[in-house]
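The values are calculated or read from the model by the stated rules, or taken from the named source; none is laboratory data. Every value quoted in this text rests on a predicted model; they were computed, and no experiment measured them. With ideal geometry, Cβ positions are generated from the backbone for all residues, glycine too; neighbour counts draw on all protein chains shown. Side chains included, ligands, DNA and RNA excluded: accessible areas come from the protein's heavy atoms. Shrake-Rupley method; radii C 1.70, N 1.55, O 1.52, S 1.80 Å.
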Amino acid sequence: MHHLMLLALDSLLWIRSSLKSPLRARQPPKSPCNMEEVSDRISNLPGHIIDRILSHLPIRDAVRMSVLSSKWRYKWATLPHLIFDKDCCPSASEAQLVIKSKLVGIIDHVLLLHTGMIHKFKLSHKDLQAVPDIDRWILYISRSSVKEFILEIWKGQRYKIPSCLFSSKHLIHLELFNCLLSLPPSFKGFLNLKSLDLQHITLTQDAFENLIANCPLLERLTLMNFDGFGHLKIHAPNLQFFDVGGVYEDVTFEDTSLLSIISIGLYVNVHHEISATQRSTSNLVKFFIHLPRIRRLEVQGYFLKHLAVGNMPGKLPVACLELSYLSMRINFNDIKEWKAALCILRSSPNLIELEMLARPEEDNVVRAGLSFWAESNHFDCPLYQLRVVRIVDVVGLRPELDFIKFLLANSPTLEKLTVKPASNDGGLELLKELVRYRRASVQAEVIYVDP
């Protein structure tokens, strides 16, 4: 089968290039039998090989392949994956209205003549706006057993998803970009959905919670740049991957014992007004309480500042025994953030890789001579499994240097510590300071990387 695929693709290279350049003068074959041989080889290919070839071509080229022989004529009409993107309708230098008209015509033509099942539908073209034609395409797709649906509107206002999409019972993957979602009263959930990717979307708080709670098999969830809701209440018993970035008030997990990979970013510095109740609790404890299987955690933007709100314990009530990778964006001058970071480190006995990214701020500056990490009572935090450390965007402040000193002194199996400053200013002095620090690991290598 592999030999047949290579033979077929080799024969099709010349044909496909000819199809893409119909106005170019074609060179005659080197010998009279070349075209006949190519035609015979193409016509005699097994049906499943033809299907494999067509599945690797842009839909426009797949349709044009129907001219090769009678055996290929209607093969494209049964393709289960329909992808309409830049390869389907290249932008070139044409006006946007012309490109839009061409794209709409191509999609209409394909859907009109398509006769097979549609398992994947993707519409993502940088020149396509929220046109009414999308409504009838989604209505058509929703009547098929579509398993993957991807819609990306790159320009203009957000497109309101028609209610018929929410009746697609066979969906496994749903991806929406620049869309407005309103769940119909008849929505019973996506009972087979395993992957949900929502970016630049608008959704009410109730609709968001209803959507997540009614995807019982959900394993992957991505939320980026959303509005309409600010409380991320995640109730998903099968969730394993969670990636979120935007502006929101809080994040709570319920029944997420399988969640193992989290990347979470808060993009705006939200100044919390701490109540008496909040002082007695801890955002950090509430965040980790339902994450017993966390293996990889990335804390971006200002989210560590959010976690630092409330009474900070020395350790989490339950240790993060499976956490092996940790990345945190931190203000090195913020004592509260450092206490939160230390709590996580103390609660992660099997941490192997650590990345710390500086987030400088003008406020909350530490007084000269004061350094949180220089205090002797922090040396009860041995990092026995830590192998690799990256420190990024530092400027040579005393708290930054003392943290590096702390890591080198408390990591007996450390292999590599890489420091990449924010600028070249003071780079030589920083390097001189680093090589002076005592190392608990005889094999620890300190690497300075130019910014």
Item to check | For segment 186-313, with +1 on Lys and Arg beta carbons and -1 on Asp and Glu, the positive-most of Thr204, Val299, Leu258 along the dipole | outcome: Leu258
Item to check | Overall dimensions of segment 307-359 as given by Cα atoms, namely Rg and Dmax in Å | outcome: 11.0, 29
Checklist outcome for this item: Here the Cα Rg-to-2.2 N^0.38 Å ratio for segment 145-271 is 1.00
Item to check | Of Lys122/Lys305; Lys126/Lys336; Lys120/Lys155, those spanning more than 32 Å from alpha-carbon to alpha-carbon | outcome: Lys122/Lys305; Lys126/Lys336
Checklist entry - Amide H neighbours of Arg390 under 5 Å, counting only residues 5+ apart in sequence or on other chains, H built in-plane at 1.01 Å? => result Leu354, Glu355, Met356, Thr418
Item to check | Accessible-area ranking of Asp425, Asp243, Asp127, Asp450, largest first, probe 1.4 Å | outcome: Asp425, Asp450, Asp243, Asp127
Checklist entry - Protein chains only, probe 1.4 Å: how do Leu383, Leu431 rank by accessible area, largest first? => result Leu431, Leu383
Item to check | Segments 220-226, 146-152 sorted - mean Cβ within 10 Å per residue, highest first | outcome: 146-152, 220-226
Checklist entry - Going by average Cβ neighbours within 10 Å, how do the peptides 331-340, 290-299 rank, with the highest at the top? => result 331-340, 290-299
Checklist outcome for this item: Of the accessible area of segment 126-185, computed with a 1.4 Å probe and all protein chains kept, carbon and sulfur make up a percent value of 53 percent
Next on the checklist: Taking the solvent-accessible surface of protein heavy atoms with a 1.4 Å probe, what is the per residue accessible area of segment 389-451 in Å²?
Outcome noted: 50 Å²
